[in-house]
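The structure under discussion appears below in the form of structure tokens.
Rule-based calculations on the coordinates, nothing more; no lab input. Here the structure is a predicted model, which means the values were calculated and not measured. Please note: Cβ atoms are built from the backbone with ideal geometry, for glycine as well, and neighbour counts cover all protein chains shown.
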Amino acid sequence: MNTMERLNEAIMKKGPLLAGLDPDLDKLLELSKEIDSNLDAWPFMEEYCFNYIEAVKENVAAIKINIAFFEAYGMLELFWTCAKRAKKEGLFVIADVKRA
């Protein structure tokens, strides 16, 4: 089965939804009441992204991950880690790497 056939099968099973992962660390920290000023941002961001992937994987066929949010915080490697995790969870991964 080729890629388009697999994508069509996933869409038939889950519907034509796409989840967007645009993790704005500053906004996430504002919303979190459990974070202290000594937070190591990487594990926090990784946990958020992995939890997001886990939460959407049963309801969407694909996820679009926005690289700009990871680049802004010097976490480009985490972008790739999230893409691999999403793929492992059965999602099609779209990299949002557009530039203004």
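Tabulated results
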read-out: Over the chain: helical MRE at 222 nm, DSSP H runs n ≥ 4 each giving -39500 (n - 2.57), nearest 500; value: -16500 deg cm²/dmol
read-out: Above-threshold pairs, the threshold being 23 Å between Cα atoms, out of K13/K57; K13/K98; K14/K98; K27/K87; value: K13/K98; K14/K98; K27/K87
read-out: Exposure rule at most 12 other beta-carbon atoms within 10 Å, DSSP loop trypsin sites (Lys or Arg not before Pro): the chain longest free segment; value: 34-97
read-out: Nitroxide proxy distance, nm - points 7 Å out along Cα→Cβ at W42 and K27; value: 2.5
read-out: The stretch 81-100-the stretch 40-57 distance, computed between alpha-carbon centres (Å); value: 13
read-out: Radius ratio Rg over Rh of the chain, counting only Cα atoms, Kirkwood formula for Rh; value: 1.02
